[in-house]
1. Output wanted: per-residue J couplings in Hz (rounded whole) for region 39-50, from phi through Karplus 6.51 cos²θ - 1.76 cosθ + 1.60, θ = phi - 60°, x for Gly and Pro.
2. On a 27 Å Cα-Cα criterion, which of the cross-link pairs Lys49/Lys130; Lys3/Lys72; Lys25/Lys176; Lys25/Lys72 come out too long?
3. How much length is gained if the chain between Thr156 and Lys48 is pulled fully straight, taking 0.36 nm per residue apart and subtracting their Cα-Cα distance, in nm to one decimal?
4. Taking 0.36 nm per residue of separation and subtracting the Cα-Cα distance, what length does fully extending Lys72 through Glu171 add?
5. Taking amide H atoms as placed 1.01 Å from N in the peptide plane, list the residues 5 or more away in sequence, or in a different chain, whose amide H sits under 5 Å from that of Asp112.
6. Would you kindly state how much longer the chain becomes between Asp29 and Asp112 on full extension, computed as 0.36 nm times their sequence separation minus their alpha carbon distance, in nm to one decimal?
7. Under the rule of at least 5 residues apart or a separate chain, name every residue whose amide H is placed under 5 Å from the amide H of Ser76.
Amino acid sequence: MRKVFIDCGANDGDDIRNFLKIYEKKEYDIFAFECHDECISALRSLKKKIDFTLIEKAISTRDDVTTFYMGKSTKSGSIMKEKKKLMQKDKTYTVESIDFSNWLSANFSKDDYIILNFDIEGAEYDILEKMIEQDTISLIDEFYLEFHLYQCKSDTITAERQARLLSKLKEIFDDKLYVCKIYQHEKFLKMNTC
């Protein structure tokens, strides 16, 4: 059995550092997905101290190139044009994206123990639905998640959609699901801030 931690929206590596305070690094392979230039620079520096695989791409529902919208005041951003709060819509650049569900199925099996962390600024809705549809969600054993409904609310990102996803995720993960401010928040905070 392979033990894996996958950090999607790794930012500057804080969640990787927090993960290592909770779990034994020697037991886990760590993968970090990030497409923000400033964050990639910070993660490259962190790689000099901590061994992990850095994948310099946004996670998505397809392998492609996409527009990345810069955040206003922090090292943040989103591939979701629906994300409106704290964004600079006039500051964008193109990034590569990877079909996360396909990447999971190509690289892991149900024999692996996978801890997944999602802080992907609104892209979680489409990606989670694809993972559920393709059953790659069943590859995940523990899931740390931050929903971004109030930053991305639109005709397609709605409270009803989030409620349906949350209900399904609770059914799948039970007590191994940790969602910022929504479900098992105290356990979520051991690894993340929100």
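What follows draws every value from the coordinates through simple rules; no lab data is involved. Everything numeric in this text was worked out from a predicted model, so none of it was measured.
1. 5, 4, 4, 5, 5, 4, 5, 4, 4, 5, 9, 10
2. Details: Lys49/Lys130 35 Å; Lys3/Lys72 36 Å; Lys25/Lys176 20 Å; Lys25/Lys72 34 Å.
Lys49/Lys130; Lys3/Lys72; Lys25/Lys72, as the Cα separations exceed 27 Å there.
3. On the way: separation 108, 0.36 × 108 = 38.88 nm, distance 4.08 nm.
Here the segment from Thr156 to Lys48 would lengthen by 34.8 nm.
4. Working: separation 99, 0.36 × 99 = 35.64 nm, distance 3.63 nm.
Contour length minus Cα-Cα distance gives 32.0 nm.
5. Correct list: Arg2.
6. 28.8 nm is the gain from fully extending Asp29 to Asp112.
7. Gly71
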